[in-house]
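To start, the structure itself, in structure tokens.
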Amino acid sequence: MPQIHNIEYIGHLIARYLREELTGPENQVLQEWIHASDVNREKFSALISSETLIRNLRAWKEAGTGEELVWQRIDRYLNPKPRNIFSLYRVSIAATILLVAGLIAAWYWLLQNKKEQPAVAQTETRPVNDVSPGGFKAKLTLADGSTIVLDNAANGQLSEQANTAIVNKDGQLIYTAGKSNAGAGNAVVYNTLSTANGETYMLTLADGSKVWLNAASSIRYPVAFTEKDRRVEISGEAYFEVTPDAGKPFLVQAGAMEVRVLGTHFNINSYCEESSIKATLLEGKVKVRDVSQGKEVTLKPGEQAALASSRSQSGPLATYHSPDLEEVMAWKNGKFVFNDADIQTVMRQLERWYNVKVSYGYDIKKQPINVTGQISRFSNASKVLDMLAATGWLRFTIEGKKITVMSRR
């Protein structure tokens with residue numbers, strides 16, 4: 001990926017990240033750069049902290065030079081799109097000022113960094129007990145049962161099945177259908193893409209639809225869509241951007257929930273350890289059906305359908321008209337966002353992303369504790385725990401791959 005080494009392009013992506021305007025492919029490139037080295041990850045985490053922004057702005061002001069150059073480059077690379085009424089992020093004037101400050105700080109750091117090309121490898125200093133974030137890894141299971149570990153696979157074509165080329169490229173798996181796939185009648189060939197704890201990956205299906213897999217998730221799908229509909233099955237969490245095709249609806253099965261679409265953007269969270277399966281619509285229109293009960297609801301952008309994820313639980317298919325979209329989409333946008341979230345829910349996210357085991361002190365189980373905050377998903381676990389500890393209610397210890405949560409009381 002040539003652009004990943006272009007410092008100006010990475011600066012552009014960091015600026016768009018701070019403005020919360022990254023597209024899916026841009027976010028993929030930025031995450032690849034972050035994971036290219038521990039140095040990149042540490043500098044990114046430090047850069048987006050408020051302390052770093054303030055410090056860089058002060059240094060820039062004292063230097064008294066380079067302002068025009070910075071603004072020229074910002075203007076050259078940023079072309080923000082108008083946001084519709086269902087925009088995920090609505091920022092106040094004060095927040096906008098902070099984001100502009102972030103752009104300036106990002107460019108200041110990158111301009112300074114261009115002058116500091118080290119001749120030797122840099123080493124990272126981190127706490128003795130710490131855990132690095134997850135990365136772009138996955139396992140592909142082919143129709144014959146053979147598997148390919150994608151983090152070890154080089155870029156290029158991995159296989160060809162049902163006249164469809166399967167290509168691995170820079171953290172994403174791409175299916176490209178041949179011309180003879182248009183007709184039905186051939187036996188459907190299925191592949192499965194799965195991620196373990198601490199892994200994430202992107203998939204482009206044969207029809208051009210894109211899927212982002214969160215950690216501890218899987219998707220089973222036809223190599224080529226030759227049937228009357230496009231049907232896939234998922235577990236865990238996935239975000240979809242479906243290519244429109246009025247004559248061939250797209251169906252996603254997640255436990256007892258089925259989501260039917262023609263072309264749209266939506267997120268499904270179906271982790272079995274969570275209390276409900278949730279489908280959240282960002283764009284377009286979908287129909288969500290409870291397979292076991294036959295009930296169906298239609299979602300509009302900005303709405304969410306929820307269904308109990310276990311048969312031991314009961315309750316009808318419910319619709320929520322104002323879900324927290326920022327919190328829902330945080331994982332895909334490279335963040336943790338917690339808005340009055342209970343600590344057990346928060347720690348389950350950390351278990352999946354950092355591939356750790358979490359245990360609780362007896363005092364935690366006796367009282368509900370909710371937390372609010374947000375931080376980059378590319379931070380080491382200790383920094384996320386520091387943010388949670390700043391609430392004043394909690395303290396944490398890290399021992400190897402085990403995190404213990406205790407009350408400060």
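Where a number appears in this text, it was derived from the coordinates with a stated rule and is not lab data. Computed from a predicted structure; not experimentally measured. Glycine gets a Cβ as well: all are built from the backbone with ideal geometry, and neighbour counts include every protein chain shown.
What's the exposure ranking of Lys285, Lys179, Lys210, going from fewest to most Cβ atoms within 10 Å? Write out the running numbers ahead of the final one.
On the way: Lys285 16, Lys179 6, Lys210 19.
Fewest to most other Cβ atoms nearby, the residues stand as Lys179, Lys285, Lys210.
Taking other C-beta atoms within 10 angstrom as a stand-in for reagent exposure, Ser146, Ser37, Ser132 fall in the order Ser146, Ser37, Ser132, fewest first. Diffusion of segment 230-368 by Stokes-Einstein, at 10 °C in a medium of 1.306 mPa s and with Rh set to the Kirkwood radius over alpha-carbon pairs, works out to 99 µm²/s. Taking 18 Å as the cut-off, the amide N atoms of segment 185-209 that come nearer than this to a point 7 Å along the Cα-to-beta-carbon line of Ala143 belong to 185-193, 205-208. In angstrom, the C-alpha Rg and Dmax of segment 334-407 are 11.2, 32.
Using the alpha-carbon positions of segment 132-227, Rg (one decimal) and Dmax (whole number) come out as 13.1, 48 Å.
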